[in-house]
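K.L.:
Dropping the structure in here first, questions after.
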Amino acid sequence: MTTAPVPRSAPDADDVPVLAEPAPAGRVRRFWAVRRIPAALLAALVLGGTGLLLYDIAAVRADRGAMAWRRELADGLATRPLDDTWVVVGAALAVVVGVWLLVLAATPGLRAVLPMRREHADVRAGLDREAAALTLRDRVMEVSGVQSVRVKVGRAKVAVRAVSHFRALDEVRADVETVLAAGVDELGLAHPPALTVRVARPPRKG
């Protein structure tokens, strides 16, 4: 006795695995620098100064004389007036260094990296300015009439200077602007920069 195979029923729509919708990405922010060099320099200075001071204090506690630099510093702070030139210069230098460190701590840094649009909340991407400039330069060089071009990509603006050796300058400028607009859109930047285009004739020889 044989039995016929039972045909499989079509799966329901609820049983079919589907890809989850991408999570909505939040506001795109700039990348923060690690600040290794300023942090290492500051840590080395603080560590060296603190170690030297602790050594001198321990030496005084052991009935040994204090270092000459600490005696001179204490005498100088006790005798010099506040309007002394060296006191003012030292205070100004300390203020400048402190402000510099605060600026480094409060600003993102990494100005050479442009943040790109976020399609997923867990993925962040950035584009180097030089790479973006090279890409746009190659696009502009494809425009008919363009002999040479310079592209400078900033955080908020792209400056392009092109040299055209034939065709009308207005036509070349219009084509360059169109190509640049498409190129900037293809870069996928989170904050598309403004475009500044200048087209000129090559300088005459002789």
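K.L.:
So for the range 185-201 (the condition being modelled with pLDDT of 85 or more, in contact with a Pro (Cβ under 9 Å, 6 or more places away or on another chain), farther than 30 Å from V34 by Cα and not hydroxyl-bearing (S, T, Y)), does at least one residue qualify?
P.N.:
No, every residue in the range 185-201 fails to be modelled with pLDDT of 85 or more, in contact with a Pro (Cβ under 9 Å, 6 or more places away or on another chain), farther than 30 Å from V34 by Cα and not hydroxyl-bearing (S, T, Y).
K.L.:
Same structure again: So which residues in the range 166-176 are exposed (fewer than 14 other Cβ atoms within 10 Å of the Cβ) and at pLDDT 90 or above, if there are any at all? Talk me through it step by step, then tell me what you get.
P.N.:
Pass one, the range 166-176, residues exposed (fewer than 14 other Cβ atoms within 10 Å of the Cβ): 166, 168, 170.
A168, D170 - these are the residues of the range 166-176 that are exposed (fewer than 14 other Cβ atoms within 10 Å of the Cβ) and at pLDDT 90 or above.
K.L.:
Could you check the range 113-125 and list, in sequence order, the residues that are loosely packed, with under 15 Cβ neighbours inside 10 Å and within 30 Å of A43 (Cβ to Cβ)?
P.N.:
Within the range 113-125, R124 is the sole residue that qualifies.
K.L.:
Could you please let me know if A156 is in contact with a strand residue (DSSP E or B) (Cβ under 8 Å, 6 or more places away or on another chain), open to solvent by 50 Å² or more (accessible area, probe 1.4 Å) and small (G, A, S)? Show your work before the answer.
P.N.:
Numbers: in contact with a strand residue (DSSP E or B) (Cβ under 8 Å, 6 or more places away or on another chain): yes; open to solvent by 50 Å² or more (accessible area, probe 1.4 Å): yes; small (G, A, S): yes.
Here the answer is yes, as A156 does meet what is asked.
K.L.:
Still on this model: Select from the range 146-160 the residues that are out of contact with any helix residue (DSSP H, G or I) (no Cβ under 9 Å at 6 or more places or on another chain), among the aliphatic types (A, V, I, L, M) and more than 19 Å from R201 (Cα to Cα) and list them in ascending order.
P.N.:
Within the range 146-160, A156 is the sole residue that qualifies.
K.L.:
Exactly one of these conditions fails for L82: (1) at pLDDT below 75; (2) more than 25 Å from D56 (Cβ to Cβ); (3) open to solvent by less than 90 Å² (accessible area, probe 1.4 Å). Give me its number.
P.N.:
Failing condition for L82: (3).
K.L.:
Here is a further query. Restricting attention to the range 40-79, report how many residues are open to solvent by less than 80 Å² (accessible area, probe 1.4 Å) and of a type in the set (D, E).
P.N.:
1
K.L.:
If a residue has to be without any contact (Cβ under 8 Å) to a residue 40 or more places away in the chain and more than 25 Å from G109 (Cα to Cα) to count, how many in the range 151-185 make the cut? Step through it out loud before you land on a result.
P.N.:
At the first step, the residues of the range 151-185 found to be without any contact (Cβ under 8 Å) to a residue 40 or more places away in the chain are 151-152, 154, 156-178, 181, 185.
Pick out the ones that are also more than 25 Å from G109 (Cα to Cα) and you get 161-178, 181.
Number satisfying all stated conditions: 19.
K.L.:
May I pose another question? Out of the residues in the range 157-184 meeting the condition of being touching a Pro at 6+ places or on another chain (Cβ under 6 Å) and assigned to a strand (DSSP E or B), tell me which one is nearest to G145 (Cα to Cα). Step through it out loud before you land on a result.
P.N.:
Initial filter on the range 157-184 (touching a Pro at 6+ places or on another chain (Cβ under 6 Å)): 157-158, 163, 165, 184.
If we keep only those that are assigned to a strand (DSSP E or B) too, we end up with 157-158, 163.
On the way: K157: 24, V158: 21, V163: 8 Å.
By that ranking, first place goes to V163.
K.L.:
Could you go through the range 128-144 and let me know if any residue there is open to solvent by 80 Å² or more (accessible area, probe 1.4 Å), part of a loop (DSSP other than H, G, I, E, B) and either at pLDDT below 85 or of a type in the set (A, V, I, L, M) (or both).
P.N.:
Pass one, the range 128-144, residues open to solvent by 80 Å² or more (accessible area, probe 1.4 Å): 130, 134, 137, 142.
If we keep only those that are part of a loop (DSSP other than H, G, I, E, B) as well, we get 142.
Checking which are either at pLDDT below 85 or of a type in the set (A, V, I, L, M) (or both) leaves us with none.
Within the range 128-144, none of the residues are open to solvent by 80 Å² or more (accessible area, probe 1.4 Å), part of a loop (DSSP other than H, G, I, E, B) and either at pLDDT below 85 or of a type in the set (A, V, I, L, M) (or both).
The values are calculated or read from the model by the stated rules, or taken from the named source; none is laboratory data. What you are looking at is a predicted structure, and each value in this text was computed from that prediction instead of being measured. Cβ coordinates were reconstructed from backbone atoms using ideal geometry, including for glycine residues, and neighbour counts include every protein chain displayed. Ligands, DNA and RNA are stripped out before the accessible areas are found, and what is left, the full protein with its side chains, is counted by its heavy atoms. Shrake-Rupley method; radii C 1.70, N 1.55, O 1.52, S 1.80 Å.
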